[in-house]
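Visitor: Take a look at this one; I'll ask things after.
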Amino acid sequence: MRNLTIASVLASLAVLTFCSQAFAQTQDDLFNGDILHEIRLYTAPEDYETFKETNFTCQAQELEALAGEVISPLPRVICWFPVEFHWKFNGADVTLPQAGIESHGKGSRNNYKPSFKIDFSRYESRNTFLGLRYLVLRANPQEPSTMHERVAMEFFRKMGLRAPREAHARVFLNDQYAGLYTIVEEIDPIFLQRNFGEGDGRLYAYEWVDYWIFDYRGPDSLKYSPLPLKPENNLINLDPQPIVEMVRTINEAPDAQFSSALSQYIDLQSFFKELAAESFIAEQDGIIGDYTVNNFFLYRFVGTLRSIFLPWDKSNAFWAIDRPIFHNFSWNLLTRRALAAAPDLIALYRDYLRQAADIAGGPGGWLEQEITKEYQQIRQAYYDDPLKLCDHHATGYLRPCTNQEFEDEVAYLIQFARQRAAFVRAQLDSGLIPQ
Amino acid sequence: MRTLLLIGLLLLPEMLPAQNPSDETALEEDDEPVASSPETLQLSFKNRPSLRIGDFANIDFKTKWHFDLRGFDPPKWDAPARVTALPSTPPTFYVTRARLGLKGKVTKYFDYEFERDMRQTVGSDHEWHPWKDNYVDFNAHRWLQVRAGKFKVPFGMEANLSEDRLDFAFKSRMSDILSPSRERGVMLHAQFLRSSRMQYQAGVFRYDGEGSNIHGVPTAGRTYAARLTGEPLRTLRRLPRNIRHIYLGVAVTRGRMFDGLNGTNGSTFSGFTYFDHFYVRGNRQRLGTELSWVEGPVSVKGEYIHMSEERIGQGIRGENLPDILSRGWYLLGSWNVLGKLKSSGRPKTPLLTGHGFGSIEVSGRLDVLTFYSAPGPGLPSRSPRAPTILPNSERTWTFGPTWYLNRFVKIQANAQRERLTDIERKAVIGRDVFWTGIIRLQLAM
């Protein structure tokens, strides 16, 4: 009898142990950068055909709706499709049977190796996956290493900035290897809650539609939102007026009060830290990129006028080892006015740049170690990828990529990691101020 | 319980001798006689502009106009513009009917009708199918008529009733969403057993009807429909007289759907979708029953429709899924509180064309529509490939008075309250009740 009792207790413990293993997965596990993940998607083959047919129309359709254009009487195309989502982790198959999937990306959008956005709550608003509502599977088709985005976001977080978590994964579509992807955390109210302890403020995604350098376009809020600043939450009760005031302040605040006036609307410490981080990693398509402002989210905190900029899409980072630290500063209106009227902000920017250089380190430093770690992790998966693409110099034309291009790009990244800090420090020490 | 009480209140008025229930032919029968003339060509304006060519043929000119003032709460909204705030739309004036047509006979063998809606021409809203009833009827035998062309698929009492004869400004949500409406086809029909006023209709149609179209595109191919209506209890002499003339009907349709996202969807009158299209493959089948009881100034009408849509191989991994089931019913009561109405729905003492004030009727209708599926594996979901569909339903109250001024003019004021049950599918965040108000001036001739 006693043996039976002991056996029962042991069996119960074994079951509990198994259960705790099976159900203990967390978001940290999903974004664990120490392993190469495996994600399997199942979708009806006819849906995937429709997905490819409507891929580009969906993007145009959304922009039309955002621009408030007259809705065509023609049927609107289907952009979301049901998908069965599986994440294989430590022998467990963590799954959600009915999630939604749509194409993701702007310039990188393609039908050869598309990026995906997964909406776990598409068909049930209370559904989440490990507490996440969305997940982006980035195909990284624009650069051959597929590492720019992940390394950049890792660096941002190392700088103390709030940036999406990322990890690489082998992705299978209907059991066919669809290639090497990056799992990207979406910037949404769940991200905000985790990072700021609140998620009910106003979140906007910047949609690039034309050149904008924070210039004031008049008091009409429609000039700023829903385009280019697309509301991501609180859709019924929008409040775009603080954006108008923020931009007006950037343009019209008196020189003497520029910093104090602007600090009502922007978390300037965070903003210049992000600029410094972007500048350090030579981001070509960011807030002070070559295409004017781009690739960020704006979050305005609950009950305040103050917003914070959050980084997004760093595929064009690591553009050049010798990219100047004040590149485009005199073009963008905010940085131009900071240069002219706010030496305190420029000093802040310099401090953050120096901090960035310290974090990245030189040869053998953190940045090189991170690149090497990721390279070793993904190399075989990249070699196996039958659909790898690249557009190394952002020409706008994606083309099949070779393993040699991958190796060359990784070699360049390591070179960047070894030399960039020294270059940035040299520029800082030179006392260079752009005109 | 509250529902039954309200229905009971609608039925309270005293019972009076029977009048004819819904009967489309009553309109023509109620026309004032046109004086005969020895001339071959005769033009008359007595009931409507009409040209008679002796006994050979006649051409009646028809027109129908609806001028609506409509208000919506929450406001009517173009759903794709999700990112802009709800606009505050003031009550808006619409021309919702601007129809012109011809109707008549050629010899005793042929009836015909041609009708087109011109409201897009007069600048009102978009109309996917401007051509309405356009058909020729061949009277082969008293028990056999053959209709060919475009006309209403014989399914649904309310759906087959001319809009200018409805008790409300708009049909029930159930009829709007589940009935097939007009389609091109061929139909055999006739009255039989005249003592019971029985009528049969059976036809084959090119598609499933404009009512199930998505943006003007058909969702199902060749469709068969049959309907049997009448007053079968008339033969049962032992029954009380006011029971014997209850009008009953049954109808069925069956057609093969086009593969794809072509399942029926549910939306409020103001256009908010609360039940999306699902992927389908296989047959769409409808079964409908109808009832009408008219007793003096009081009438009670009701319908029930059950529709099933197959989902063969529509699972994410190609597995068969349980059918989508849509079920709806309505019950309406109306009471002619002032003045008297003829069986055709025209006032006995008309305003302007007579010496009275017309007639006033008050009506109320409860309309329930539910979408769901047979149980399948897994938890219920709203995914368009969900094995088990999470149900949603709409419960709609409509009420208001109608003032029949004379045979040509009618004014209706209706309020409609729609309530959705699935809080996840609420079309507007924080709202599950949708109000529509309408004041309509109707001119029909």
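The numbers here are math on the coordinates, done by the rules we state, and not lab data. Predicted, not measured: the structure shown is a model, and the values here were computed from it. Backbone-built Cβ (ideal geometry, glycine too); neighbour counts: all protein chains shown.
Visitor: Distance between the C-alpha centers of region B:194-210 and region B:372-386? Whole Å please.
Guide: 34 Å
Visitor: Roughly how many Å is it from the Cα centre of region A:288-339 to that of region B:311-369, as a whole number?
Guide: Taking the Cα centre of region B:311-369 as reference, the centre of region A:288-339 is 60 Å away.
Visitor: Please list 3J(HN,Hα) in residue order for region A:280-288, calculated via the Karplus relation 6.51 cos²θ - 1.76 cosθ + 1.60 where θ = phi - 60°; whole Hz, with x for glycine and proline.
Guide: The phi angles translate into 5, 8, 6, 6, 8, 9, x, 5, 10 Hz.
Visitor: Taking R0 as 45 Å, what's the FRET efficiency between residue A:38 and residue B:191 from their Cβ-Cβ distance, rounded to 0.05?
Guide: That gives a FRET efficiency of 0.05.
Visitor: Please work out how much length the chain gains when fully extended from residue B:143 to residue B:349, using 0.36 nm per residue of separation minus the C-alpha to C-alpha distance, in nm with one decimal. Provide the component values of the computation, followed by the final result.
Guide: Values: separation 206, 0.36 × 206 = 74.16 nm, distance 3.69 nm.
Working it through step by step, the gained length comes to 70.5 nm.
Visitor: Further question on the same structure: For region A:270-350, compute Rh as the Kirkwood radius over C-alpha pairs and then the Stokes-Einstein diffusion coefficient at 20 °C and 1.002 mPa s; write the answer in µm²/s, rounded to an integer.
Guide: Numbers: Rh = 13.1 Å.
Once the numbers are plugged in, D ends up at 163 µm²/s.
Visitor: Follow-up question, since we're still on this one. Please list, by residue number, everything in region B:213-254 whose backbone N is under 14 Å from a paramagnetic label point 7 Å out along Cα→Cβ of residue B:287.
Guide: Of the residues in region B:213-254, B:250-254 have backbone N under 14 Å from the label point off residue B:287.
Visitor: Continuing with this model, one more query. Hey, what number do you get for chain A at 222 nm if only DSSP H runs of n ≥ 4 count, each worth -39500 (n - 2.57), divided across all residues, to the nearest 500? Let's see the in-between values first.
Guide: Working: 12 runs with 171 residues, N = 435.
So the helix-based figure for chain A works out to -12500 deg cm²/dmol.
Visitor: With a Förster radius of 56 Å, plug the Cβ-Cβ distance of residue B:312 and residue A:419 into 1/(1 + (r/R0)^6) and report the FRET value to the nearest 0.05.
Guide: Values: r = 62 Å, r/R0 = 1.11.
The computed FRET efficiency comes out at 0.35.
Visitor: For region A:255-340, which trypsin sites (Lys or Arg not before Pro) are both in a DSSP coil and crowded by at most 13 other Cβ atoms within 10 Å? Numbers along the way, then the final one.
Guide: Values: sites: A:273, A:300, A:306, A:314, A:336, A:337; in loops: A:306, A:314.
Nothing satisfies the criteria.
Visitor: Simple spin-label model, 7 Å along Cα-to-Cβ: residue B:215 to residue B:250 in nm?
Guide: 4.0 nm
Visitor: Also, quick follow-up: Of all the C-alpha pairs in region A:137-280, what % are more than 25 Å from each other? Could you put the intermediate results ahead of the total?
Guide: Numbers: 4441 of 10296 pairs.
Counting pairs separated by more than 25 Å, the tail of P(r) holds 43 percent.
Visitor: Return the average number of partner chain Cβ atoms within 10 angstrom of each residue Cβ along peptide B:136-147.
Guide: Per-residue shielding by partner chains comes out at 0.
Visitor: Counting pairs of alpha carbon atoms under 8 Å apart in space and at least six apart in sequence, what relative contact order in percent does region A:53-184 give?
Guide: Values: 192 pairs, mean separation 20.5, N = 132.
Relative contact order, region A:53-184: 16 percent.
Visitor: Return the ratio Rg/(2.2 N^0.38 Å) for the protein assembly as shown, where Rg is computed over Cα atoms only.
Guide: 1.20
Visitor: Moving to a separate point now. May I ask you to sort B:137, A:200 by Cβ crowding, counting other Cβ atoms within 10 Å and putting the fewest first? Intermediate values should be presented prior to the final figure.
Guide: Numbers: B:137 19, A:200 13.
Arranged by neighbour count, lowest to highest, B:137, A:200 become A:200, B:137.
Visitor: A further question follows. Points 7 angstrom from Cα along the Cβ direction at residue A:222 and residue A:387: gap in nanometres?
Guide: Reported label-point gap for residue A:222 and residue A:387 is 3.9 nm.
Visitor: Counting alpha carbon pairs within less than 8 Å and at least 6 residues apart, what relative contact order, in whole percent, applies to region A:274-385? Could you put the intermediate results ahead of the total?
Guide: On the way: 112 pairs, mean separation 26.7, N = 112.
Relative contact order here is 24 percent.
Visitor: Provide the FRET efficiency to the nearest 0.05 for the residue A:397-residue A:211 pair, computing r from the beta carbons and using R0 = 30 Å.
Guide: On the way: r = 22 Å, r/R0 = 0.72.
Result of the calculation: an efficiency of 0.85.
Visitor: Residue B:93 versus residue B:165, label points 7 Å from Cα toward the beta carbon: distance in nm?
Guide: 3.1 nm
Visitor: Considering only DSSP beta bridges whose two residues both sit in chain A, what percent are antiparallel, to the nearest 5? Working shown, then result.
Guide: Numbers: 49 of 56 bridges.
In chain A, approximately 90 percent of DSSP beta bridges are antiparallel ones.
Visitor: I've got another one for you. When B:257, A:159 are ordered from fewest to most other Cβ atoms inside 10 Å of their Cβ, what list results? Please list the in-between numbers first.
Guide: Numbers: B:257 24, A:159 19.
Fewest-to-most Cβ neighbours within 10 Å comes out as A:159, B:257.
Visitor: Continuing with the same structure: Given +1 on the Cβ of Lys and Arg, -1 on the Cβ of Asp and Glu, and no further charges, what dipole in debye does region A:155-271 carry about its Cα centre, rounded to the nearest 20? Walk me through the numbers before you get to the answer.
Guide: Numbers: 11 positive and 17 negative charges, 74 e Å.
So the magnitude is around 360 debye.
Visitor: Continuing with this model, one more query. Could you line up B:292, B:50, B:359, B:172 from fewest to most neighbouring Cβ atoms inside 10 Å? Walk me through the numbers on the way to the answer.
Guide: Working: B:292 23, B:50 19, B:359 26, B:172 31.
The most exposed by this proxy come first: B:50, B:292, B:359, B:172.
Visitor: Roughly what percent of Cα-Cα pairs across chain A reach past 42 Å?
Guide: Numbers: 16173 of 94395 pairs.
Result for the distance tail: 17 percent.
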